Amino acid sequence: MTGNGPDAPPRRIPPGQRLVQGWPVSHYGPVPRFRPERWNLRVHGATASGAERTWAFDDLTALPHVTVIADLHCASGPTSTDHEWYGIPATAITELVPPAPDVTHVMAWAEYGYGANLRLADFTAPETILATHHNGEPLTAEHGFPLRLVVPHLYGYKSPKWLRAIEYLTEDRRGFWEERGYHNLADPWKEQRYSHQEAPGEGPGQDG
């Protein structure tokens, strides 16, 4: 166990990041209004069975739940630490709705058509979670209620708020911020912030 006293070693954060207190709000566009009677979570695309599946909001409580403690890294520089997330592990989704054998990526779709593309291995990483709660309380609207995908080992634009769907992909394609100049992979420990930094093979259509 590590302490937080004056003699404790400094916390290790990714290069180029600065430690911030609290949990800054950051998103593009307005906060959507939650309408429970219209809301569902959809899994579609290249599923193993060829069929899609949806869950209503009240159905989510029947799915497996876990707690994950992890940091958040924004590509613009702030890092906030020790967030306690509670929700559905992403691996539960792939177990309940298996992807086809040739699936390599997913697109996480949120309200207003926002999408974030992920390698399948990033989506199924042990700490990736479809969060409903933060620090013991339901997510606030500003932070993604009712459901937020959290991929803590990547920059925050890969963790979309107001999640509505997971699409299985057999080839990669860029999401909202990736189309606007952000790095396709988004590893904060490699400072993969912008698309001009991409090496061959790190983006759709690039030769490896």
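For the chain, which longest stretch is free of loop sites, where a loop site is one of the GluC sites (Glu not before Pro) that DSSP puts outside H, G, I, E and B and that has at most 12 other Cβ atoms within 10 Å?
Between exposed loop sites, the widest span is 38-170.
For TYR182, what residues show an amide H to amide H distance below 5 Å, using hydrogens built from the backbone and excluding near sequence neighbours?
SER195
At R0 = 25 Å, how high is the FRET efficiency between PHE34 and GLU127 if r is their beta carbon distance? Nearest 0.05 is fine.
Taking R0 as 25 Å, the efficiency between PHE34 and GLU127 is 0.45.
Between GLU137 and LEU19, 0.36 nm times their residue separation minus their Cα-Cα distance comes to what?
Stretched out fully, the GLU137 to LEU19 stretch lengthens by 40.2 nm.
Residues with amide H under 5 Å of ARG164's amide H, sequence separation 5 or more or different chain, H placed in the peptide plane at 1.01 Å from N; which?
For ARG164, the qualifying residues are TRP109, ALA110, GLU111.
If exposed means no more than 10 neighbouring beta carbons inside 10 Å and the site is in a DSSP loop, what's the longest run of the chain without any exposed trypsin sites (Lys or Arg not before Pro)?
Values: sites that count: ARG12, ARG33, ARG38.
So the longest stretch without any such site is 39-208.
Can you work out the Karplus-derived ³J(HN,Hα) for every residue in segment 60-66? Use 6.51 cos²θ - 1.76 cosθ + 1.60 with θ = phi - 60°, whole Hz, and x for glycine or proline.
Karplus values, whole Hz, x for Gly and Pro: 4, 5, 7, 7, x, 10, 9.
Rounded to the nearest 0.05, what FRET efficiency is calculated for GLU171 and GLU52 with R0 set to 25 Å and r the Cβ-Cβ distance? If you can, show how the numbers build up before the last one.
On the way: r = 19 Å, r/R0 = 0.76.
In this case the efficiency is close to 0.85.
When DSSP assigns beta bridges and you keep just the ones with both residues in the chain, what percent turn out antiparallel, to the nearest 5?
85 percent
State the label only: which of (1) 10.9; (2) 14.8; (3) 12.6 corresponds to mean projected area of the Cα convex hull in nm² computed from the shown model?
It is the one labelled (3).
Could you list HIS196, HIS65 so that the one with the fewest beta carbons within 10 Å of its beta carbon is first and the one with the most is last?
HIS196, HIS65
Here, each number is a calculation from the coordinates, and none is a lab measurement. Note that the structure is a prediction, hence the values are computed from the model and not measured. Neighbour counts are summed over all protein chains in view; Cβ atoms, including those assigned to glycine, are modelled from backbone coordinates with ideal geometry.
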